[in-house]
């Protein structure tokens, strides 16, 4: 039965589950690119902070839970903390290899 699910200790209609889109409600990004032309080196950096969010996700490793409607999937609200990520890339394009790649 895919029309009903367990959520918050109750059986509800699956369409009434809180919607989520896996996006953070707030995101801040800073980028910095540094170049050293004399040696052909460029360094790209991006620091990103994503705000905390909550969403409904399957519980019990996705195993159905028994109910009077038959086996139903159980969902629980899960909180995801805010987080920082740092992406960096270093590229080198020496003069002797100009145009290659």
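Each value in this text was obtained by applying a stated rule to the coordinates, not by laboratory testing. All of these numbers come straight from a predicted model, not from anything done at the bench. All Cβ positions, even for glycine, are placed from backbone atoms using ideal geometry, and neighbour counts span all protein chains on display.
Provide the three semi-axes, in whole Å and in decreasing order, of the ellipsoid equivalent to region 4-97 as defined by the square roots of 5 times the Cα gyration tensor eigenvalues.
48, 14, 9
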Give me the distance in nm between label points sitting 7 Å out from Cα along the Cα-to-Cβ direction at residue 80 and residue 67, one decimal.
2.5 nm
Average Cα contact separation per residue, region 3-101, under 8 Å, 6 or more apart, as relative contact order %:
30 percent
Neighbour-count ranking for 28, 41, 100 (other C-beta within 10 angstrom, fewest to most) reads 100, 28, 41
